[in-house]
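*Asks:* Pasting a structure below so you can have a look.
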Amino acid sequence: MALVFFLSGLSGVLADPFANVTSDQDLYQRVKKLGDYGLLDPQDKAVLDQGKPVTRLELAFYTEKAKARIEEPELAQPQVPTPEPQALPTQQPLPSPVISLPEPTAIPSLIIPPAVKQEIDDLLKELRTESVLLKTRLSLDDQRIKDQEDELDKLKTVQDEVDEIWKTANKSVGLPNLYTNINMRVENISLAMGPGNQPPLLSENATRIMQEIYVGTYSDLGGKGTLSAGIGALIPVDGASASYQLLGVGTQPVSLYIGNPSVTFFNYGDLGKWDTTFAVETYQPDTTYGAFSRGYANYAIKRFEDPFDIKNFNDDKDAKNWDDFMNQVSYVPALSLSAGNVQSANDRVFDGVYLAGREIPWLGPDGKMWVLAGRMGTSPSQTQRWEEGAKILEPWANNLIDTSISTEWVNDNFGVNQAPELNLKDYEAEVKFNLTPFTIDVDGGFSDFSTGEETVNGVLTADNPAAIEAGAGQASIAFYPFTFYGFAISDSYADFQSKVTMSGLNFAKYGLYFSPSDYNDAYGSIGEVDNLQSDRYGWRLNVGWDGRKQDWMKSWPSFLDTFVVNFDMAQKKEYTSETGTEGYYMLEPTQMLSFYYPDDEGLWGLNLWGNYSPNVNPVRQDYINNIEDVRNDGDVLNDDVRYQFRMSDERLPLILPIYDNGGTLSLAPQTPGQAPVTTASGFNEYANINDLKSYNYITLTTKFKFDKWFNLPSPVDGSFYFTDNQVSGVASSPSTVLTGNLSNATNPSIVSTNIPNLFQQWVFDYAMMVNLTQGIDVMGDVGLETWQSAYTYPQVDYRTNAYGLGIAYDIPWCGGKMELRYKHIDFHDVYVPDNNYSGDQFFGKIKFMF
């Protein structure tokens, strides 16, 4: 074990070939799509059509067989003419014998588009580890491979390559496979901030060069397990304007890092087949259990994926490539080409040990079980926080019904009894009915939460209060291409690791001032309805069209296969209206149109706009100060504009002004006949709008394959995105609030608190990608985003214009890729013109894979 943990200090750069891949993953769908061209064996296609989990090794096997199907067939040998016998001088010439060879029967050639052949090559490159392992282990006791010996004969053409790798292998540990990923990125941002008709209040011109090398190895432990390890180095070079350099964020030191070390042992015996993995910061599907237990990262499943930010290639788990985007109705995360595990933005990061079991005696033949245990978080407030989880999946009635149960426990273990000490238990049960052509899914959750204390404004009000228990549920019914969802989540449902955002439970009230939830203490976050934020109930209707996917559609016009449409109409509502840390009821929308984010967040996030309160970076700090100068409410928390890794959002307090600042002031009466109240705070006073909020969404994404539409020789793809996020307020009581403005504060009007439009966000984006020639693509996009709200101060009237251009080139050796991109952003704020900014970004990347 000492040796194992020593080796785990290095990071795996290749995926575990025996890791399960589920039907919601991009790699699974890409291989499954080969069946549309008749390239999959019927039994393999049936497995993928049923959505059964398979291993990466199996996907590599399916892909290798698909490649074999489109290779040039070997026909019968051509007929060789028989020479005529020479006549003797005294004889007549002998007649030529009639020899008739059978007419060779050619194997029908499949007409496969070049793009599909390229996709197969790309899949095999992504599954390089599995392909090599597959080819080198033909003689081992893999029953599935033995059952396909006739298909494996088609792989003999690569035997020379296999033999060469085998000769150089380390026989003591199996077949080590080295992988090297070399990147260099160059980025420049020029930005001017301030009113358009005046000299800029802030000007930045920053350049950054990032060089990276990552070397890793994957090894088969003699058929008993696998080991992946690796190490990387980052060499940054930064430069910026003088004001920027004075902040001390210029050139950064070289850094060495380890990635995701993991070792897996295959423990097969009477209790079933168990794959046991010890891993650091893994993103495996085997650690995702359900929407209400240990589920999906809510910020990573937004349906909107920036079309302008989609790359022709990527090696980042949070990005998508253009082909994925064009061929998927909903969001499917891209897989990493360089990380040590199957990586997905849908799956939670995990440190510890997890087990995946199959062929378990106490379950059915297709039943599976997962177990995990590890430490949760690394911050000072979470050093002794641990999580344990388990899930059982059991199909019934020939897979017509799938049932699953799962749980996750999160606990603080400080070694001594103290408060607060987190004790959280989540349970989930799910039933799916595969009643073709209908699919019905019913999912329920239950949580038990306690910390041993309860406080109000930091003062202990209850010692060891009763645990909070609450439920949640969702259900859906689908008939292609329609899906209807309904969900209801209690306002006190507690979960740190699920698809449910824990923004509805006030963790500070129970002593947890550093909330593990994604949005911390943010209430009223405006995002896609998929996120299922807590303290919500609602519905969503989805239309996801992706060609003629059902048998009854096969006779429909073929042009229906040339576009993809995804339309959502949804509504979420609150049970109770919560306040943020400032005491305001809030909305928190996310800015969608912004600069490009390179793999490590780039200059905009790391150096100009990012960092976390209170040490925010210069541009964002000025932006916050300009808002606070106008609002003047004494708030010094410095979190009005939040940095969320690759995006930013803004907290908009739902307030209306009562009076201006300026020493001793006379407040307007709260009710008719009430005496004025004097104060000397010097800060503006505001009426707080505590309406129950309804979040209304309309989102449309369409993707057009113009090359198929107009029969063009090379791909020409286009996309259009639109969303309308609108929030309305309904009075939680028949009370009224004072309204008015700073110039008319002494005579305010009184209105009903039913507000039809507290906030509205519109986003439009058009994007196109053209394949000029083999390996060269050109991209372009233009976008518009607006925010409007008259129920905050300063009022919100934002407009963001953006356009971008890019070119990508597939270098024909060493897996080389190159990309150059340009982005222009104009941001205009009507009520705070000092926050106007205009920026240009140039970004280039070149990489090689060895």
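*Asks:* Tell me which residues, restricted to region 537-576, are closer than 30 Å to E685 by Cα and buried (at least 21 other Cβ atoms within 10 Å of the Cβ).
*Replies:* E574
*Asks:* With F759, F764 as the choices, which residue is open to solvent by 10 Å² or more (accessible area, probe 1.4 Å) and either of a type in the set (F, W, Y) or without any contact (Cβ under 8 Å) to a residue 60 or more places away in the chain (or both)?
*Replies:* F764
*Asks:* Residue check: is Q50 open to solvent by 80 Å² or more (accessible area, probe 1.4 Å) and either over 21 Å from G547 (Cβ atoms) or modelled with pLDDT of 85 or more (or both)?
*Replies:* Judged against the criteria, Q50 is not a match.
*Asks:* Taking only region 465-486 into account, find how many residues are among the β-branched types (V, I, T) and free of Cβ contacts under 8 Å to residues at least 60 places away in the same chain.
*Replies:* Summing the residues that are among the β-branched types (V, I, T) and free of Cβ contacts under 8 Å to residues at least 60 places away in the same chain in region 465-486 gives 2.
*Asks:* On to the next question. How many of the residues in region 771-827 are of a type outside the set (D, E, K, R) and assigned to a strand (DSSP E or B)?
*Replies:* 32
*Asks:* Got a sec? Which of L652, L637 is open to solvent by less than 20 Å² (accessible area, probe 1.4 Å) and not aromatic (F, W, Y)?
*Replies:* L652
*Asks:* Could you tell me whether R620 is of a type in the set (K, R) and open to solvent by less than 10 Å² (accessible area, probe 1.4 Å)?
*Replies:* Yes.
*Asks:* Something else now. Taking the stated definitions as given, is E430 closer than 20 Å to I477 by Cα, out of contact with any helix residue (DSSP H, G or I) (no Cβ under 9 Å at 6 or more places or on another chain) and buried (at least 17 other Cβ atoms within 10 Å of the Cβ)?
*Replies:* So E430 passes the test.
*Asks:* Which condition number does L700 fail, the rest of (1) at pLDDT 90 or above; (2) open to solvent by 50 Å² or more (accessible area, probe 1.4 Å) being met?
*Replies:* The single condition L700 does not satisfy is (2).
*Asks:* Regarding region 453-464, can at least one residue be identified that is open to solvent by 30 Å² or more (accessible area, probe 1.4 Å) and either in contact (Cβ under 8 Å) with a residue 60 or more places away in the chain or under 26 Å from the mean Cα position of the chain (by Cα) (or both)?
*Replies:* For region 453-464, residues open to solvent by 30 Å² or more (accessible area, probe 1.4 Å) and either in contact (Cβ under 8 Å) with a residue 60 or more places away in the chain or under 26 Å from the mean Cα position of the chain (by Cα) (or both): absent.
*Asks:* OK, next. Residue pairs, Cβ under 8 Å, 6 or more apart or interchain, first in region 487-506 and surrounded by fewer than 23 Cβ atoms within 10 Å (Cβ to Cβ) and acidic (D, E), second assigned to a loop (DSSP other than H, G, I, E, B) and at pLDDT 85 or above. List them.
*Replies:* D491/Y575
*Asks:* Taking region 27-40 as the region of interest, how many residues are assigned to a loop (DSSP other than H, G, I, E, B) and either free of Cβ contacts under 8 Å to residues at least 24 places away in the same chain or surrounded by fewer than 17 Cβ atoms within 10 Å (Cβ to Cβ) (or both)?
*Replies:* Count: 1.
Residue-by-condition table, conditions (1) hydrophobic (A, V, I, L, M, F, W, C); (2) modelled with pLDDT of 60 or more; (3) over 22 Å from the mean Cα position of the chain (by Cα); (4) more than 21 Å from D568 (Cβ to Cβ):
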residue: R294; (1), (2), (3), (4): no, yes, no, yes
residue: F308; (1), (2), (3), (4): yes, no, no, no
residue: P333; (1), (2), (3), (4): no, no, no, no
residue: G340; (1), (2), (3), (4): no, no, no, yes
residue: A345; (1), (2), (3), (4): yes, no, no, no
residue: V349; (1), (2), (3), (4): yes, yes, no, yes
residue: W362; (1), (2), (3), (4): yes, yes, yes, yes
residue: I392; (1), (2), (3), (4): yes, yes, yes, yes
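The values are calculated or read from the model by the stated rules, or taken from the named source; none is laboratory data. Given the structure is predicted, the values throughout are model-derived calculations rather than measurements. Virtual Cβ from ideal backbone geometry, glycine too; neighbours counted across all protein chains shown. Ligands, DNA and RNA are stripped out before the accessible areas are found, and what is left, the full protein with its side chains, is counted by its heavy atoms. Shrake-Rupley method; radii C 1.70, N 1.55, O 1.52, S 1.80 Å.
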